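*Asks:* Handing you a structure now.
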Amino acid sequence: MAAKVNNAHLVFALKLTIHFISLFLLVTLYIEAANDQLGADPVEAVLHFTGIGAFNLLLLSLLVSPLAQQFKWSHLLKVRRLIGLYSFTYALCHLLSFLAFEVQFDWGLFINEIIERPYISVGMLAVVILFLLTITSFSMMKKKMGRNWQTLHNGVYVALCFVALHFYWSVKSDVIEPSIYIAMCVFLLYFRRRKIRRWFHRS
Amino acid sequence: MIKNITRKSSPWQLTENQVTDETVYVNRRQALKKMGFVGATALLSTHTQADWFTKTATTPFARQALTASPTITTDEALTPEAKVISHNNFYEFGTAKNDPVENAQQFKVNPWQLSISGQVDNPITLDYEDLYKSFPLEERIYRLRCVEAWSMVIPWIGFPLADLIKKAQPNSKAKYVAFETLYDPKQMPGQSSRRIGGGIDYPYVEGLRLDEAMNPLTLLSVGLYGKTLPAQNGAPIRLVVPWKYGFKSIKSIVSIKLVERIPPTTWNILAPREYGFYANVNPQVDHPRWSQASERRITSGGLFARNRIETLPFNGYGEQVAHLYKNMDLRKHY
């Protein structure tokens, strides 16, 4: 009984921490950027921070189940959805900041860039996937969708690959940081190797 | 766009005390870094971590006041000095825009030697003091358009490259001019580590056709905002070619060589499909990965500044330079 209460408390504390850090960073980012206190080009700073933040959170969300397995602590899985939701939140901020502050509501340019620039196209696709996962993330939807839910949510691995590609293609010459991120993606996908192999055998 | 003026003081001097000190920007970036949320390399970077402890102990790069007569000005709003000197692409000191201001403060520029050699009858070597004394210094306010689609307006101090080349007396074989940045991995962390330097093969090299180099707009800059250049902006001497993308304007130059054949240029070697030899500002020719039709002008506004403006052919200097490319297909020679 006592152990159960402790677990619930721990999960609650973890969730609170995730809320606090994710929101605090995002709010301070926009306040500082609005007041021109974020380097010479606040637009670039906001785009970099929200972009890499979304990627970090996505990686973190995919680290949850390997960690839970390793430490045999299944309660950890209860924070996975929240981390995923914040990854989408950051990705959405990234996209909306690009629209509002980079191209500044030049819709023609916005649509053109999404269609014509491969690195932006794959980034956009990743946001669309994360959006679909977000709106189907509630337990009610999970029940309603039955087996399809898991199929849809395996799309997170596709999103992960798109995000990695988006980062790798977006840099000018400094590919080392994106390469480190790709290595982290491969590491996390390695834990799902059986699942992924099964897809390929089926098709 | 350009008008010649004769006045004693520079138009930016009134506003100098209104701008934010650059340490504010640097501190904010440091604060973000401390929150440990800037990606994997920040975690691996011992250089950055050492910075947190040594930052207060280091003295910033010293700049001296320079006198120059204003010759070219504009009525466009200037980019505040604090932004000009904290937002730099100078991969020798790191690939992030704020890396150079953080990593270049210990850069030694005195003594310095700049040699003018190759197909010339009178090779010249300029020492540190000569850079400021050999030619009358002018102040010129130029637009700087980066290939990444942002731009600034900067009051440079310098002298026409043509003055120096004439003094060296190029011979009839001289067709191009090749420039080279200092190679000193001990001082420039980007040159000793491929990770910090963005995977570029150093030294950084650039080039111009001789007629481009001799154009009166082409400037060798030794200062900005009334003082000698900060290290992060390419001290002690750099090129400024205002109708070309910023990467042509090579920093911290040690060698200028008059040559017969088209010289190799760093970004062209790295990605020939993305960066040509000419690199003239051209809204008609997109970078493969983004549009060049418009740009964000960096001034004093924050996130909500509406600063996206149309990009002009030759960055608005067509009147002075378009004739150089009269019979050329600029889509092919981008």
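*Asks:* Could you tell me which residue out of B:Leu126, A:Thr136, A:Ile31 lies farthest along the dipole of the protein assembly as shown toward its positive end? Charges go on the beta carbon: Lys and Arg +1, Asp and Glu -1, centred on the Cα centre.
*Replies:* Checking the options against the dipole of the protein assembly as shown, the answer is A:Thr136.
*Asks:* Right, something else. Rounded to whole Å and ordered largest first, report the semi-axes of the equivalent ellipsoid of segment B:83-188 derived from its Cα gyration tensor (root of 5λ).
*Replies:* Values: eigenvalues 152, 67, 45 Å².
The equivalent ellipsoid of segment B:83-188 has semi-axes of 28, 18, 15 Å.
*Asks:* How would segment A:103-193 be classified by its alpha-carbon gyration tensor: rounded, prolate or oblate, with rounded meaning a/c under 1.5 and the a/b versus b/c comparison settling the rest?
*Replies:* Numbers: a/c = 3.36, a/b = 1.29, b/c = 2.60.
Verdict is oblate for segment A:103-193.
*Asks:* From largest to smallest, what semi-axes in whole angstrom does the protein assembly as shown give when each is the square root of 5 times an eigenvalue of its alpha carbon gyration tensor?
*Replies:* Numbers: eigenvalues 459, 119, 96 Å².
Over the Cα atoms of the protein assembly as shown, the semi-axes work out to 48, 24, 22 Å.
*Asks:* What angle, in degrees between 0 and 90 and rounded to the nearest 10, separates the Cα long axis of helix A:118-135 from the longest principal axis of the Cα atoms of chain A?
*Replies:* 40 degrees
*Asks:* Using unit Cβ charges (K, R positive; D, E negative) and no other charged atoms, how large, in debye to the nearest 20, is the dipole of the protein assembly as shown about its Cα centre? Working shown, then result.
*Replies:* Details: 59 positive and 41 negative charges, 593 e Å.
Magnitude of the dipole: close to 2860 debye.
*Asks:* State the percent of C-alpha pairs, over all pairs in segment B:54-122, separated by a distance greater than 15 angstrom. Provide the component values of the computation, followed by the final result.
*Replies:* Details: 1721 of 2346 pairs.
Summing the P(r) tail past 15 Å for segment B:54-122 gives 73 percent.
*Asks:* Shifting gears a bit: Taking amide hydrogens as modeled 1.01 Å from N in the peptide plane, which residues meet the under 5 Å criterion relative to B:Ser134, leaving out close sequence neighbours?
*Replies:* HN-HN under 5 Å from B:Ser134: empty list.
*Asks:* A further question on this structure: Report the residues of segment A:120-136 in range of a label on A:Leu152: point 7 Å along Cα→C-beta, backbone N strictly under 15 Å from it.
*Replies:* A:128-136
*Asks:* What is the Cα centroid distance between segment A:164-190 and segment A:70-122, reported in whole angstrom?
*Replies:* 16 Å
*Asks:* To continue, here is another question. If you take the square roots of the eigenvalues of the alpha-carbon gyration tensor of segment B:264-334 and sort them as a ≥ b ≥ c, do you get rounded (a/c under 1.5), prolate (a/b over b/c) or oblate?
*Replies:* Numbers: a/c = 2.36, a/b = 1.46, b/c = 1.62.
Verdict is oblate for segment B:264-334.
*Asks:* Counting heavy atoms of the protein chains only and a 1.4 Å probe, report the per residue accessible area for segment B:234-334 as a whole number of Å². Mind dumping the intermediate values first?
*Replies:* Values: 4200 Å² over 101 residues.
Heavy-atom accessible area per residue stands at 42 Å².
*Asks:* Summing Lys, Arg as +1 and Asp, Glu as -1, what charge do residues with Cβ under 13 Å from the Cβ of B:Ile309 carry, B:Ile309 excluded? Write down the numbers at each step before the final one.
*Replies:* Details: positive: B:Arg143, B:Arg145, B:Arg296, B:Arg297, B:Arg306, B:Arg308; negative: A:Asp106, B:Glu76, B:Glu295, B:Glu310.
So the environment of B:Ile309 carries a net charge of +2.
*Asks:* At a probe radius of 1.4 Å, figure out the A/B buried accessible area, summed over both chains, and give it in Å² to the nearest 100. Walk me through the numbers before you get to the answer.
*Replies:* On the way: alone 13050 and 16180 Å², together 25380 Å².
Summing both chains' loss of accessible area gives about 3800 Å².
*Asks:* Can you pull the percent of Cα pairs in segment A:103-149 with separation above 11 Å? Please list the in-between numbers first.
*Replies:* On the way: 766 of 1081 pairs.
Summing the P(r) of segment A:103-149 above 11 Å gives 71 percent of all pairs.
*Asks:* Take the Cα gyration tensor of chain A, multiply each eigenvalue by 5, square-root it, and list the three semi-axes largest first, rounded to whole angstrom.
*Replies:* For chain A, the semi-axes come out at 30, 22, 17 Å.
*Asks:* Between 0 and 90 degrees, rounded to the nearest ten: what's the tilt of helix A:80-97 against the longest Cα principal axis of chain A?
*Replies:* 10 degrees
*Asks:* Based on DSSP H runs of at least 4 residues, each adding -39500 (n - 2.57), what is the mean residue ellipticity at 222 nm of chain A after dividing by all its residues, to the nearest 500 deg cm²/dmol?
*Replies:* Working: 10 runs with 163 residues, N = 203.
Counting only the DSSP helices, I get -26500 deg cm²/dmol.
*Asks:* What does the charge add up to near A:Tyr119, with Lys and Arg as +1, Asp and Glu as -1, over the other residues with Cβ less than 13 Å from its Cβ?
*Replies:* Details: positive: A:Arg117, A:Lys172, B:Arg289; negative: A:Glu113, A:Glu116, B:Glu274.
Its environment carries a net charge of 0.
*Asks:* What angle do you read, to the nearest 10 degrees and between 0 and 90, between the alpha-carbon axis of helix A:107-116 and the longest principal axis of chain A?
*Replies:* That works out to roughly 60 degrees.
*Asks:* Another question about this same structure. Please give the Cα centre distance for segment A:20-45 versus segment B:138-179, rounded to the nearest Å.
*Replies:* Using only Cα atoms to place each centre, the spacing works out to 36 Å.
*Asks:* Normalized C-alpha radius of gyration of segment A:72-142, against 2.2 N^0.38 Å?
*Replies:* On the way: Rg = 15.5 Å, N = 71, 2.2 N^0.38 = 11.1 Å.
Here the Cα radius of gyration is 1.39 times the empirical estimate.
*Asks:* Hey, if you drop one equal point scatterer on each alpha-carbon of segment A:1-80 and run the Debye formula without solvent, what base-10 log of I(q)/I(0) do you get at q = 0.25 Å⁻¹?
*Replies:* -1.15
*Asks:* Local charge sum around B:Arg194 (other residues, Cβ-Cβ under 13 Å, Lys/Arg +1, Asp/Glu -1)? Don't jump to the answer; show the numbers that get you there.
*Replies:* Working: positive: B:Arg195; negative: A:Asp174, A:Glu177, B:Glu92, B:Asp201.
Charge balance near B:Arg194 sits at -3.
The values are calculated or read from the model by the stated rules, or taken from the named source; none is laboratory data. These numbers were taken from a predicted model, which means no experiment stands behind them. Backbone-built Cβ (ideal geometry, glycine too); neighbour counts: all protein chains shown. The accessibility values were calculated without ligands, DNA or RNA, using every heavy atom of the protein model including side chains. Shrake-Rupley method; radii C 1.70, N 1.55, O 1.52, S 1.80 Å.
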